[in-house]
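Undergrad: This is the structure, below, for whatever I ask next.
The values are calculated or read from the model by the stated rules, or taken from the named source; none is laboratory data. Here the structure is a predicted model, which means the values were calculated and not measured. Quick reminder, even Gly has a Cβ in these numbers, built from the backbone with ideal geometry, and neighbours come from all protein chains shown. Accessible surface is based on the protein model in full, side chains and every heavy atom, while ligands, DNA and RNA are left aside. Shrake-Rupley method; radii C 1.70, N 1.55, O 1.52, S 1.80 Å.
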Amino acid sequence: MIRGGRSYVTSAPSFSNDAKKLLVCTGNTVSVFSAATGLQITSLEGHTAQVTTLIVVPASSAAQKILCYCWTASLDGTIRHWDFSGPELLQTINAQVPIYSMVIPSLLSEPQQTDKRYDSSKLVAYVSVEDTSLVREGSTELRGHIRRFNLAKERLPRGDTLKETEEPKSIVISPSGEFFGIRHKCKIHVWDVPSGGSVSKKMTLHHTKVINAFAFHPTERIIAAGDVTGRVLIWRGFGNRKLALGSQKKNARAMVDLDNPGVRDEDDAESCTTWHWHSAEVNVLNFSSDGAYLYSGGREGVLVVWQLDTGKKKFLPRIGSPLLYFIWSPEPTLSSVVCADNQIHLLKMPSMEILRTISGIKPPPSLPKMYEGLSSTVAFDRSSGIAALCTENYCVQLYNLLNDRGISEVQVCERNHQPGDEITVVVTAVALSLDGSVMSTTEVKLPEDGIGGLVSLKFWESEPDSKTFTLSTIVYEPHKDAGISAIAFHPTRSMAVSTSFGGDFKIWVSNSDKSQTDKDSSWICHAVGSYKKKPMTAAAFSGDGTVLAVAAENVITLWNPDKNILLSVLGATLTPITKLCFAGKSEFLVAASHFPKPELSVWNTSKLSSSWSYGLRIEAITSALDSSTFAVLALVPKIFRKSKSKKNVFRGRDGAILLFNGSDPKPVSIWTVMKAEGGSISFLEGDKSQLRLAYVNGSHEYVVFDPNSDETHERSAADYEGLVGEEETGDFGYTSMYGELPDYDKKRKEDAESLVTPFVSSERPWETIFSGSTLNFPPLQKLCGEFFESLMEKSNSVVE
Amino acid sequence: MNLVNIKDVLTSFSPALDYLALSTGDGRIKIWDTVKGQVQTEFADIASAEETNIYTNGGKGHLSVDYTCMKWLSLERKKKRKLGTSILVLGTGGGDVLALDVASGQLKWRISDCHPGGVNAVSSSTKASCIYSGGADGMVCEIDPNSGNLIRKFKASTKAVSSLSVSPDGKILATASAQLKTFNCSDLKKIHKFTGHPGGVRCVAFTEDGKYVLSSAVGERYIAVWKTDGAKKQSASCVLALEHPPVFVDSWGETDKMGLYVLAISEVGVCYFWYGSNVEELGNAKPTKVSLATEDSSLKQQHKGSLPVIFAAKLQGVLKPGSANAFIASGLLVKPSFQKMLLQFGNDLVLNASKNGVLLPITQSVSKSKKGQGVQNKVTTLDRAHAEDALLPIARVADLQEKKSVQPHSSDKDTDMIEQSQAVSDYVETFSMEDKLRSLGILKGTNEPSNLSYASAIDGIDLEAYLPPKKLKSAVLSMEPSTAFKTLEALASMWQTRGCGGRYLLPWIYSIMVTHSHYIMSREPKNHQLLSILHKITKSRTIALQQLLQLSGRLQLVTAQINKAVGNETQTRVHEQEIDDESEDEEEDVEEHFYGENDNESELSSDEGEDKGK
């Protein structure tokens, strides 16, 4: 079982004290990368949910630089203490509520007293948690709590609540450890860290816009904040009155100076200045370690360095993706900037030169509403285990699933990607031929003010040397103005079909088949077909490529792709079909539709009848090449998931992969998965003819596993148990494979059966006529009446 | 450009084949990502980057480090199943052995002056339980890969050990100077001595099962295969010849089960591949060559030595007997490209050499790159008018006959689809109901496609419906002579093609001939052909008449006997059938009789219809 595609950018990474390692939160684990090579060294495994905070215990002296301790907090409600050189788990503290953010001021503020690192009374953490008891009731109460925990105690009490907000906020701490704060809409709340056991004091800074990020100056009382419009505000001398350190000072400074320039209302700050450069929201703010510079960045993908005293700027442009975090390392020449496209750049500091990039799988593009659910943005090369994934910047990333490494990117359209710009081009679909030699993409240029929309279809030929694809053919407006709904490749020949909502499908062939060298190959339209002008919504070639199935809304038409002859028409489903797939080389055809009534139906093409169907919403279908096995990725209905009895089965997973064998409506196995929406599955057939199933979820995390072999079941079950036993973990965001414990298995199947709703509804008798064996098919005379009746009913329903 | 000989290049694939370490003898090690085809990281000056300054002199530049051998191995961790550390073990010309932790980029351990005079070879088994190194001093050291501690040291040879290898199971060690020796790894006792190589052996490799050792010496144009468990004194089991001395040897497969696969790279960067199910077969096998295309002779001249070559390869697995997967690094050393390819024994392969990384002179590069781009970026653009030549759908396949003719044609490969097509023809009428309903309207009365062409001529005549002779006569009379003639033509050709039964056609033909004989005679010169056709047909059918009559008589007899036995008399039907046959042929001769019979027949048939109705 291979897992990968984790996001490196869910929370801020952290350098180790010797700046040779970079710790990155990757889902449930913390991965430790080498800053020198960019390769992963080790990982900290143990959390059962996403790790949200990572704090490396800072070294106070040069001798301590080799110490590798860190604290992590996770949504699973635990705080853990690690030695990441080992790696070894030292301590686990259960907070019982999901932790979204955590700061430990004492680590920062008392670096001098080295021996007191574990002085229990000092180790106080401030955490941002979500009160899950309130979530369940679905109320609008304030769920996010800022609490104070004493990490010395193994089992935490509720802790003092400092502040309640609508949702959990991330806490920002000053590098000196004196202050921490949160941003809340247009306000920044700042607390000071009490030196003794006293209650911390609070002050608030106000602004007119929603604040996106803020940072504390390492030595002075300066706060920098960035808002959604791109302004950077600098408050100097905050909290002189309210957060005075000693009581004597408090008296001394208790003078109200109303002339404070730029400071709003009664805010406790000496001055407030505003800097303008960013055109869009500011996400990143960080002072340099000596406090002389301020780093800011945002959606434009430009890192700006401000000289704090003068306001002079330096830039690191063309990062290409919105910035998320900027961190500096204990080594002054090294820092790191984290981008939204799942890349961590290591910067050589004064010159801001990108030394090395740790990159992961690219996150999926954010599609405009109208394309959601229609696009297929993931394609698989079954033989080599490479996935082609559409990304934000009009690219298709080729990602090797077996090695968990990106291979290359193919720029689908010529337009430069500016992260701040509005989306004007959408890559709606990508498809790979079975041998991985040809890729096809479709893109839509969104019309501006209703003018200038353009659909184009592109064919790309692979270049084995450079491991990328080069453009071979562009077809502008392949289906007039209509959008392309699906592309499918012929299993053995250079042939592809594209279907459109405009009511036709086109078969494309490459003329490289006939003669010429590879480089001259181009694609031409071989045939055009339509069926009653109905929108064509999906297409699939049969396993041997002799039959092409095209879904014309709710009927399936079978064609001879060579001669373009309509062979037959398969009866109607209730709703338009969105996905089609032949089950290997068998006669079964799997169709899925989801709007307005979801349905998964299996058709027998030799009998031209429906074999069985389930009322499931299907995200993806895949079938093995040689056997009749096929797998579907289904979204589990919310109601079903929420019901009490099944809650422990699903545990927050919203989808299921069901493996079927041909005509048998009973799934062979079921795995529940997370983030199934927008997910995709495919069988991978490697060199050893060993069948593996790859699942890529909605945020491009993936898992590759062997669906058939019993050993895998057992092994993974053992893995699962092992995880539970040792580190009490589950797996977040990934498939969890259920073992073959017999009673449990049975329950699973029962679940599955109760989950499916029969396709046939009793009040519509004519629908049942066509399903079932053809032998007891009623005579024509009887059918006629029923049939016309059904037609009339249908039109009635339309009128209504 | 610096001329780098492939002999001096050190390469080592990572165990998972996702990285390649490459050192060209300048003291730098580049780690190439074989998946991306990019440099992942570069190690230069490892020794001085660490605090090993104490041992080595401070100002020592990286060029002074002279690596002589390299081996990448991954250390399994027993405690946790996560990425085991992979280390790169290097031997230097100075006699040091060092291990580099590739992931963290740090020196893991170092043994200074392990082999005075230089380390010549390092090797380890697949499990990497220990590392063996051999050097110029003739000693072999056993090293713990985790700590870098020297475990044992023994003298393997009086001369320098030029190469050594450990069998995959880690039990046998083969060392080579001029002669090849095998040792038992546990007690370091000598097992065998193989002599025969004239010079220092450059490469030694064990087969997968450890039963054979492959070796080749410097300057030798062959690889010797030795049996490890044979008699004390023996010569090589077989010898594999190549055109140039090999620099690298790899093998896969077991002698008993899968056969032996041997892969070698020669000094000039050509990859050789042998396969044999046993050693004898292997010895007789002619090698399959994988080479890079060197079509550009100008390039060759201008960049002497820096030719694209294959410089690293590794067998990955066997697909079926005679073909194996190999991972090959080829191209220029500055920009290698990595390919996983299927080697089929007997099929020589020529790879395209990519010119990536070649520094071309400016004058040439402009034209070259343009040319190259022109070739590469030849993009076909299709606009809206792309579908003009496309096939249009063949609209309706309600006709079963047609489908049957199409189906087997399109699905000759697959029985499933034939099955399906038959099923299509069987069930189409039942399932696509609305189509059938519609097509019924279309299909009515048109059972023959050939009919359609004559439809205009016989418009208004219902051939199917039987008309009494009188009505028929009046219908013919009411025809205009010219239309009647056209009808006659149509009918004649229909009869000729057997489009329609003569039983229906002949009355019409006869009646037209009778009624419009004058007109026909007036058209005689032109329609001579028509009449002659009719004549021919009638002639040809009358020839068969005698036989038909005989046959009918026989049939009559047989059926009569049968009926007698059954006690049922349906003689009339047979008779009627016979008459029908006759009538087709004898129309002109026996018209009276024919009509009489036909009347009779019509009555009968109507009776039958009634019976059926009942």
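Undergrad: Return yes or no: is B:VAL239 part of a strand (DSSP E or B) and surrounded by fewer than 20 Cβ atoms within 10 Å (Cβ to Cβ)?
TA: yes
Undergrad: Continuing with the same structure: Among the residues of the range B:172-183, write down those that are in contact with a Leu (Cβ under 8 Å, 6 or more places away or on another chain) and not aromatic (Phe, Trp, Tyr).
TA: Scanning the range B:172-183 gives B:LEU173, B:ALA174, B:THR175, B:ALA176, B:THR182.
Undergrad: So A:ALA540 ticks every box in (1) open to solvent by 20 Å² or more (accessible area, probe 1.4 Å); (2) assigned to a strand (DSSP E or B); (3) of a type in the set (Gly, Ala, Ser) but one. Which box is left unticked?
TA: (1)
Undergrad: Please state which of the following conditions B:GLU50 fails to meet, knowing it meets all the rest: (1) within 14 Å of chain A (Cβ to nearest Cβ); (2) at pLDDT 80 or above.
TA: Only one criterion is unmet by B:GLU50, namely (2).
Undergrad: In the range A:71-96, what count of residues is obtained for those that are open to solvent by 20 Å² or more (accessible area, probe 1.4 Å) and among the polar types (S, T, N, Q)?
TA: 5
Undergrad: Looking at (1) modelled with pLDDT of 85 or more; (2) away from every other protein chain (no Cβ under 14 Å), can you tell me which one A:GLU422 breaks?
TA: (1) is the only condition that A:GLU422 fails.
Undergrad: What about A:LYS519, is it open to solvent by 10 Å² or more (accessible area, probe 1.4 Å), more than 8 Å from every other protein chain (Cβ to nearest Cβ) and either modelled with pLDDT of 85 or more or outside any loop (DSSP other than H, G, I, E, B) (or both)?
TA: So A:LYS519 fails the test.
Residue-by-condition table, conditions (1) modelled with pLDDT of 85 or more; (2) touching a Ser or Thr at 6+ places or on another chain (Cβ under 9 Å); (3) over 19 Å from B:ALA324 (Cβ atoms); (4) of a type in the set (D, E, K, R):
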residue: B:ASP209; (1), (2), (3), (4): no, yes, no, yes
residue: B:ARG221; (1), (2), (3), (4): yes, yes, yes, yes
residue: B:VAL225; (1), (2), (3), (4): yes, yes, no, no
residue: B:ASP229; (1), (2), (3), (4): no, no, yes, yes
residue: B:PRO246; (1), (2), (3), (4): yes, yes, no, no
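Undergrad: Now a separate question. Which of the residues that make up the range A:467-506 are among the hydroxyl-bearing types (Ser, Thr, Tyr) and open to solvent by less than 10 Å² (accessible area, probe 1.4 Å)?
TA: Within the range A:467-506, A:SER472, A:THR473, A:SER498, A:THR499, A:SER500 meet the criteria.
Undergrad: So in the range B:476-485, with the set limited to residues that are surrounded by fewer than 18 Cβ atoms within 10 Å (Cβ to Cβ) and touching a residue at least 24 places away in the same chain (Cβ under 8 Å), which one is farthest from the chain's Cα centre (by Cα)?
TA: B:LEU477
Undergrad: Out of the residues in the range B:519-536 meeting the condition of being farther than 20 Å from B:VAL476 by Cβ and charged (D, E, K, R), tell me which one is modelled with the highest pLDDT.
TA: So the residue we want is B:LYS536.
Undergrad: Is it the case that the range A:97-112 has a residue that's open to solvent by 30 Å² or more (accessible area, probe 1.4 Å), at pLDDT 85 or above, β-branched (Val, Ile, Thr) and more than 25 Å from A:GLU701 (Cα to Cα)?
TA: no
Undergrad: Next up: Filter the range A:70-94 down to the residues that are among the acidic types (Asp, Glu) and within 28 Å of the chain's Cα centre (by Cα) and list them by number.
TA: A:ASP76
Undergrad: Could I ask something else about it? Could you identify the single residue in B:LEU90, B:LEU98 that is away from chain A (no Cβ under 14 Å), open to solvent by less than 20 Å² (accessible area, probe 1.4 Å) and under 18 Å from B:GLN40 (Cβ atoms)?
TA: Step by step, each of B:LEU90, B:LEU98 is checked, and only B:LEU90 is away from chain A (no Cβ under 14 Å), open to solvent by less than 20 Å² (accessible area, probe 1.4 Å) and under 18 Å from B:GLN40 (Cβ atoms).
Undergrad: I would also like to ask the following. Residues of the range B:25-38 being within 11 Å of chain A (Cβ to nearest Cβ) and assigned to a strand (DSSP E or B), which ones?
TA: Selection gives B:ILE31, B:ASP33, B:GLN38.
Undergrad: Moving to a separate point now. Quick check on the range A:454-476: of everything there that is part of a strand (DSSP E or B) and at the interface with chain B (Cβ under 7 Å from one of its Cβ atoms), which residue is farthest from A:THR499 (Cα to Cα)?
TA: Across the range A:454-476, the extreme among qualifying residues is A:THR470.
Undergrad: Let me ask something else. Would you call A:ILE487 in a strand (DSSP E or B), among the β-branched types (Val, Ile, Thr) and within 12 Å of another protein chain (Cβ to nearest Cβ)?
TA: Answer is no for this residue.
Undergrad: Another question about this same structure. So how many residues does the range A:437-455 have that are closer than 25 Å to A:THR470 by Cα and surrounded by fewer than 21 Cβ atoms within 10 Å (Cβ to Cβ)?
TA: Matching residues across the range A:437-455 total 5.
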